[in-house]
Amino acid sequence: MDDDEILARRFEEHRTHLRAVAYRMLGSLTEADDAVQEAWLRLGRTGTSGVENLGGWLTTVTGRVCLDMLRSRKSRREDPLDVHVPDPVISELRGADPEQEALITDSVGLAMLVVLDALAPAERLAFVLHDMFSVPFDEIAPVVDRTPAAARQLASRARRRVQDAGPAPDPDVARQREVVEAFVAASRGGDFEALVALLDPDITLRVDGGVVARNLSKVVRGAQSVAGQALLYQRFAPLARLVLVNGTVGTLTAPEGEARSVMSFTVADGRVVRIDILADPGADGAAGPLHPGRVTPGTTDARHGGGGAVRAFTRPAPASSVSSATAPASRNGTAVPQPCGRPPPRERAAAGRGRGTPGGDRETAPDEARMPPGTPTSAATG
C-alpha cells in the first residue's frame, strides 16, 4: 500500500465526522459534500507532516472551507429566497444508521439550522465548532482571524441568538409523535378547534418553495391562521406519512415514489411551536422533485415503504465557490474518496441546482397564504 492509499484510508476514518460538521455549518448536504471533498484535496496538497492530530486538523480545515463558502453565499445575495428551509435528513421512526445519526444528533433539527442560517458566518463557525464539536477557541481564533477572546464573544453572541429563537424541541420522540398524530387526526377530521388547541398561540409556519416556485414560499403566524391552512389542504393527507426529519417527528409526501414535500414539526411543552415545510409544486412541473442525496446501503427505499431506509433530500442550489467544484476525481493516480452514491462535485456543479441562497423571510397574510399541491398538512399514521 503506497502513501496515497494510506492517506486516503486515514481520511475516510474522519469523513462521517467532517460531513456532520459541514452540514451544521452550511445546512446543505450537497455543499457539505463539496466542503469535505475540498478538505481532502487540501490534505493531499499539504500532507500530514507536522500534523499531530489529523482529526482536529481536518475539522479546522473543513470549518475554514465552510466559512469561505458562507461568505461567498452572502456576497451572492442579489436575489435571495424569501424563505429558506435547509436540506432535511429523513429516516424511519425506528431509527437511522450511524452516519445519518451523526448528521441529526445534538439538536440539529431544521428549526435550529434555520436559526444558524441567520448568523454571521464567523459567528456560525465559532458556535458550531465550539458548542457542537468542543473545538477550543485557541484553534477557532486563527480560522476567523481574531483573538481567542474575540472568538469566544462570537460564540456567545450566536448562543444568545439561538436561545432567543424559541424553545428547544421536546427530546421525547414518543411524545412528539403523540402530538403530531393528534395534529394529523384533527386535520384529517376537519376539527379546527382541536387543531388550535394543539398549536402554540405564537406558532410560525414557514414554507420554502425553492427558486423556481418562490411564489409558494411564505411565513404564516398564529394558531388560528396555521390551523386554517391545515384545513384548506387536508385532501393531501393520504399522500403523506410519518417519518423522522432531522431526528424529530415529521411527514414525507411522496406520490408515486417522487418525494414532493417534507414537513418538520417542533413540539415543546405538548404543543407545536413551529412547522417548517420544504415543498415542491410537482403537479404543474414548475419545479423538479426533491432529490435523494443517498440511501443507506443494504436498506430499502423509504419512499416505497421499506423499513429502516434513510435518505438525505436535497434540491438544486448554486454551485459553491470552493475549488472542489471543479476538482479532478483523482490525485497522483489515487482515486479521490467520493460521497456514497453521489457523483463527483464537478458533475453535480455542471448539472446545476435550483434552490438558491437563503435570505430573509417574507410574511404572507393568512388569507393570501397558498401552499403547493401535495404539501402535507396532515399525514397517514402508518
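The values are calculated or read from the model by the stated rules, or taken from the named source; none is laboratory data. Owing to the predicted nature of the structure, the values given are computational and were not obtained by experimental measurement. Ideal geometry is used to build each Cβ from the backbone, glycine not excepted, and the neighbour counts take in all protein chains shown.
So, Arg9, is that one among the basic types (Lys, Arg) and either touching a strand residue (DSSP E or B) at 6+ places or on another chain (Cβ under 6 Å) or within 27 Å of Asp131 (Cβ to Cβ) (or both) or not? Taking the combined requirement at face value, the residue does not satisfy it.
Table: residues versus (1) at pLDDT 90 or above; (2) crowded, with 23+ Cβ neighbours inside 10 Å; (3) over 25 Å from Val226 (Cα atoms).
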residue: Asp117; (1), (2), (3): yes, no, no
residue: Ala120; (1), (2), (3): yes, no, yes
residue: Leu129; (1), (2), (3): yes, yes, yes
residue: Pro136; (1), (2), (3): yes, no, yes
residue: Pro171; (1), (2), (3): no, no, no
residue: Ser187; (1), (2), (3): no, yes, no
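So that you can scan it fast, the table gives a plain yes or no per residue for (1) at pLDDT 85 or above; (2) of a type in the set (D, E, K, R):
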| position | (1), (2) |
| --- | --- |
| Leu54 | yes, no |
| Gly63 | yes, no |
| Asp68 | yes, yes |
| Ser91 | no, no |
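If you filter the stretch 172-184 down to residues that are touching a residue at least 40 places away in the same chain (Cβ under 8 Å) and touching a helix residue (DSSP H, G or I) at 6+ places or on another chain (Cβ under 8 Å), you find that the one that is farthest from Lys218 (Cα to Cα) is Val179. For the stretch 173-185, the set of residues classified as buried (at least 18 other Cβ atoms within 10 Å of the Cβ) and over 19 Å from Ala240 (Cα atoms) is empty. Being at pLDDT 85 or above, part of a loop (DSSP other than H, G, I, E, B), under 24 Å from Ile275 (Cβ atoms) and under 18 Å from the mean Cα position of the chain (by Cα) is a property that holds for Asp87.
Checked against the criteria, Ser225 counts as among the hydroxyl-bearing types (Ser, Thr, Tyr) and either part of a loop (DSSP other than H, G, I, E, B) or farther than 19 Å from Pro88 by Cα (or both).
Show the residue pairs that are 6+ apart or on different chains and have beta-carbon atoms under 6 Å apart, the first residue being within the stretch 43-58 and part of a loop (DSSP other than H, G, I, E, B), the second being at pLDDT 90 or above and surrounded by 10 or more Cβ atoms within 10 Å (Cβ to Cβ). These pairs meet every condition: Val51/Trp57. Under the condition of being surrounded by 18 or more Cβ atoms within 10 Å (Cβ to Cβ) and either touching a residue at least 60 places away in the same chain (Cβ under 8 Å) or assigned to a helix (DSSP H, G or I) (or both), the residues counted in the stretch 1-40 number 27. Just one of (1) surrounded by fewer than 18 Cβ atoms within 10 Å (Cβ to Cβ); (2) outside any strand (DSSP E or B); (3) not charged (D, E, K, R) fails for Pro201. It is (2). Across the stretch 249-305, which residue is surrounded by the most Cβ atoms within 10 Å (Cβ to Cβ) among those that are modelled with pLDDT of 90 or more and part of a loop (DSSP other than H, G, I, E, B)? Taking the candidates together, the pick is Gly270. State whether one or more residues within the stretch 30-47 are closer than 18 Å to Ile140 by Cβ and under 16 Å from the mean Cα position of the chain (by Cα). Yes. Count of the stretch 131-152 residues, restricted to those that are in contact (Cβ under 8 Å) with a residue 40 or more places away in the chain and not in a loop (DSSP other than H, G, I, E, B), is 5.
Keeping to the stretch 187-208, report how many residues are in contact (Cβ under 8 Å) with a residue 60 or more places away in the chain and of a type in the set (A, V, I, L, M, F, W, C).
We begin by selecting, within the stretch 187-208, every residue in contact (Cβ under 8 Å) with a residue 60 or more places away in the chain; these are 187-188, 198-200, 202-208.
Now restrict to residues that are of a type in the set (A, V, I, L, M, F, W, C): 198-199, 203, 205, 207.
So the count comes out to 5.
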